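The structure appears below as structure tokens.
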Amino acid sequence: MKKVFFMVLIFFGTLSISEAQNPSDITDDKVKEAVEKVSESQYVRIPKKDYDAIIENQITVLVNKKINTLIALVVAAIGLFSGLSLFQNIKSKNSIKEDMMSRISGLKNEMTSELQGFIEKITESNIEPRFKNYEKFVELEVRNVKSESQTLLVQIQEEMKRVVEERKRMKEYIMDSEFQLVQNAVNTKTYSKEDLIIGERLLRDLEAHNPDSPKIPSLVDLLSYVYYAQKSYKELNQLIDKYSDSNLSSNTYINAALTAIYDYHNYASEDKKIKALDYLDRSLQITQAYGEALGLKLEIFMMDYTRNEKPEVKKEAVANAEAVIENILTSASDIPSYETIYRLSRDISLESYQNLIDALYDLFKPEMEEMLARANKYDLQRGRQGFTLAAITTKGNGA
């Protein structure tokens with residue numbers, strides 16, 4: 001605004017100078033007025049020639065004076081406005097800088113907008129079609145890679161199945177070999193501590209590989225022999241309790257009963273007697289009229305009979321033994337008699353058991369001889385020689 005005002009003043013000043021410097025612009029009225037002023041102040045009677053010269057000189061002086069005055073005013077105005085302009089320039093330096101920065105920023109934004117529009121235009125007209133073609137190419141490549149990957153995945157899966165099957169067969173082969181090793185050791189009674197370790201490890205592997213494997217109860221049966229032979233009674237009882245819901249064999253419970261009978265025989269622990277009879281009953285539930293279990297029951301009852309002086313205890317022991325013998329002899333098969341005699345014939349070789357078997361023979365002599373006869377009948381049918389009377393008593397001499 002100040003700049004505009006300054007320019008207007010210069011314009012009018014210049015215009016005044018222009019008017020003062022053109023003598024042709026002086027009108028007749030002005031000349032006449034000047035003449036009158038000169039005449040009134042300088043009135044003298046002079047010749048016409050001199051009068052005209054004086055008039056002309058006065059007019060010239062008057063015009064020059066006016067021109068000089070206007071020039072001085074214009075020069076002063078120019079100086080004034082030049083100073084004001086310099087002060088304004090110094091004062092507004094920062095505002096000019098800010099204005100320039102604002103303009104530059106606006107120009108930058110404008111150029112950025114134009115550049116963005118240009119890029120978008122190029123993208124729509126040129127890049128996008130190419131990108132679409134490239135996208136189709138990538139899609140095709142991905143489809144090919146996916147197909148190849150799928151084929152490779154199928155091959156890998158088939159190979160993994162084959163490896164798993166091979167590993168499974170190898171694992172089963174190792175477990176079968178270890179099972180056979182333990183079984184041979186038990187059957188030949190050549191088992192050792194190492195065989196027990198192998199059997200325990202194999203049992204864990206079978207549980208992890210196939211909890212329903214039929215080898216588990218068979219292996220428990222084999223381990224029960226080893227535990228009993230090594231007098232690991234606690235471990236054997238724990239084994240039986242752990243697998244009591246499995247299809248354990250009657251011999252497994254026989255071996256467990258033997259551990260309890262051993263304690264009852266040596267320490268007269270009533271709870272061991274109850275436990276032994278419980279194991280024997282479980283064995284009989286699996287194999288009815290199993291002579292091994294029945295023979296051990298007779299030995300337990302004879303322990304009660306020979307160790308107690310109380311008539312009621314002796315009477316109960318005799319009654320229990322009589323019930324067992326009757327069960328054996330009323331069987332349609334000779335096998336219970338054979339199995340019972342076979343059990344007694346092995347135990348009578350133990351000095352601590354001889355008095356028990358002799359007491360049984362003394363109490364039930366006719367029944368025991370009948371049982372021996374039926375056992376020999378079954379044994380002879382298999383081509384064997386049978387048992388002698390020494391199988392059921394230490395007092396006899398006969399065959």
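The values are calculated or read from the model by the stated rules, or taken from the named source; none is laboratory data. The structure displayed is predicted, hence computed values, not measured ones. Here Cβ is always computed from backbone atoms with ideal geometry, including for glycine, and neighbour counts include all displayed protein chains.
Which one is farthest from the chain's Cα centre (by Cα) among residues in segment 271-303 that are within 12 Å of L258 (Cβ to Cβ) and of a type in the set (A, V, I, L, M)? Don't jump to the end; show me each part of the working.
Here is the first cut: in segment 271-303, the ones within 12 Å of L258 (Cβ to Cβ) are 272, 275-276, 279-280, 283, 292-293, 295-296, 299-300.
With the extra rule that they be of a type in the set (A, V, I, L, M), the set shrinks to 276, 280, 293, 296, 300.
On the way: A276: 49, L280: 50, A293: 53, L296: 56, I300: 58 Å.
Looking at residues that are within 12 Å of L258 (Cβ to Cβ) and of a type in the set (A, V, I, L, M), I get I300.
For segment 205-233, give me each residue that is surrounded by fewer than 20 Cβ atoms within 10 Å (Cβ to Cβ), of a type outside the set (D, E) and either touching a Lys or Arg at 6+ places or on another chain (Cβ under 9 Å) or under 18 Å from I254 (Cβ atoms) (or both).
Of everything in segment 205-233, those that are surrounded by fewer than 20 Cβ atoms within 10 Å (Cβ to Cβ), of a type outside the set (D, E) and either touching a Lys or Arg at 6+ places or on another chain (Cβ under 9 Å) or under 18 Å from I254 (Cβ atoms) (or both) turn out to be H209, P217, S218, Y228, A229, Q230, K231, S232, Y233.
Has segment 241-248 got at least one residue that is over 28 Å from A321 (Cβ atoms), modelled with pLDDT of 90 or more, under 36 Å from the mean Cα position of the chain (by Cα) and aromatic (F, W, Y)?
Yes, segment 241-248 has at least one match.
Among (1) within 30 Å of D221 (Cα to Cα); (2) touching a residue at least 40 places away in the same chain (Cβ under 8 Å), which single condition is T306 missing?
(1)
Is there a residue in segment 188-204 that is in contact with a Lys or Arg (Cβ under 8 Å, 6 or more places away or on another chain) and surrounded by 13 or more Cβ atoms within 10 Å (Cβ to Cβ)?
Taking segment 188-204 and keeping what is in contact with a Lys or Arg (Cβ under 8 Å, 6 or more places away or on another chain), we get none.
No.
Just to be sure, is R343 among the basic types (K, R), part of a helix (DSSP H, G or I), over 22 Å from E235 (Cβ atoms) and under 60 Å from the mean Cα position of the chain (by Cα)?
Working: among the basic types (K, R): yes; part of a helix (DSSP H, G or I): yes; over 22 Å from E235 (Cβ atoms): yes; under 60 Å from the mean Cα position of the chain (by Cα): yes.
Yes; evaluated as a whole, the condition is true for this residue.
Limited to segment 205-221, what total is found for residues that are in contact with an Asp or Glu (Cβ under 9 Å, 6 or more places away or on another chain) and hydrophobic (A, V, I, L, M, F, W, C)?
Final tally of qualifying residues: 1.
From the list L356, L389, L360, exactly one residue is in the same structural domain as V318 (by TED's automatic domain parsing), more than 60 Å from the chain's Cα centre (by Cα), aliphatic (A, V, I, L, M) and surrounded by fewer than 18 Cβ atoms within 10 Å (Cβ to Cβ). Which is it?
Details: L356 fails: surrounded by fewer than 18 Cβ atoms within 10 Å (Cβ to Cβ); L360 fails: surrounded by fewer than 18 Cβ atoms within 10 Å (Cβ to Cβ).
Among L356, L389, L360, only L389 is in the same structural domain as V318 (by TED's automatic domain parsing), more than 60 Å from the chain's Cα centre (by Cα), aliphatic (A, V, I, L, M) and surrounded by fewer than 18 Cβ atoms within 10 Å (Cβ to Cβ).
Here's the yes/no breakdown for (1) among the polar types (S, T, N, Q); (2) assigned to a helix (DSSP H, G or I):
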{"site": "Q238", "(1), (2)": "yes, yes"}
{"site": "D245", "(1), (2)": "no, no"}
{"site": "N255", "(1), (2)": "yes, yes"}
{"site": "D271", "(1), (2)": "no, yes"}
{"site": "L277", "(1), (2)": "no, yes"}
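Residues I216, I261: which one is farther than 21 Å from L284 by Cβ and in contact with a helix residue (DSSP H, G or I) (Cβ under 7 Å, 6 or more places away or on another chain)?
Values: I261 fails: farther than 21 Å from L284 by Cβ.
None of the others qualify; the one that does is I216.
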